[in-house]
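Only one structure is covered here, and it is reproduced in the block below.
Just so it is clear, none of the values below were taken in a lab; they were calculated from the coordinates. On a predicted model such as this, the values are computed, not experimentally measured, just so you know. Note that we place each Cβ from the backbone using ideal geometry, even for glycine, and neighbour counts take in every protein chain shown.
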Amino acid sequence: MSRLFTLNDSRPQHPDVRQWLREQSGPLAPIAAYWFAALRACGDDVNEVMHDGQATACVDGAAFAYVARFQSHVNIGFFDGAALPDPRRLLQGSGRFMRHVRVSDLRDGDEGALQELVREAYASVKEALARAEEEGD
């Protein structure tokens, strides 16, 4: 990870995220819940916060991924997605850092690749935090 995007007020089981998940309805609600649970499951140190209307997963306040629900799809976004290995070419976007996967576009076999992107994003933010701590000493 080349930079850290930090958010204030992240915490375990943030009430605003719980509320957002409860308010989801329709056929995309279980998809949003499933992928946010995947973010939470990365480690005991994962906290969460709502940021720009998106349920966002953080470690020590450093955001690594989010889930955003739209009318016809769910995005799983990565704050440093441009740096993630993506052999299945799932990531979309052309920004300097951020990339996302549109879940409605997943093909057979892509779920495992998306799970790997989630794990890579989590590992990347942990490495960046460790480097930042070393440089701060």
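A few points about this structure:
- In the range 84-101, the residue that is surrounded by the fewest Cβ atoms within 10 Å (Cβ to Cβ) out of those that are closer than 18 Å to residue 122 by Cβ and without any contact (Cβ under 8 Å) to a residue 24 or more places away in the chain is 98.
- Pairs with Cβ under 9 Å, 6+ apart, first in the range 118-137 and surrounded by 15 or more Cβ atoms within 10 Å (Cβ to Cβ), second among the hydroxyl-bearing types (Ser, Thr, Tyr): 128/2
- Of the residues making up the range 84-112, those that are out of contact with any strand residue (DSSP E or B) (no Cβ under 9 Å at 6 or more places or on another chain) and of a type in the set (A, V, I, L, M) number 1.
- Of the residues making up the range 20-49, those that are over 13 Å from the mean Cα position of the chain (by Cα) and under 21 Å from residue 72 (Cα atoms) are 20, 21, 22, 23, 24, 25, 26, 27, 28, 29, 30, 31.
- Residues of the range 67-83 satisfying the condition of being closer than 21 Å to residue 23 by Cβ, in contact with a helix residue (DSSP H, G or I) (Cβ under 8 Å, 6 or more places away or on another chain) and crowded, with 18+ Cβ neighbours inside 10 Å: 67, 69, 74, 75, 76
- Taking the range 53-66 as the range and being closer than 19 Å to residue 43 by Cα and either within 11 Å of the chain's Cα centre (by Cα) or surrounded by 16 or more Cβ atoms within 10 Å (Cβ to Cβ) (or both) as the test, the residues that pass are 55, 56, 57, 58, 59, 61, 62, 63, 64, 65, 66.
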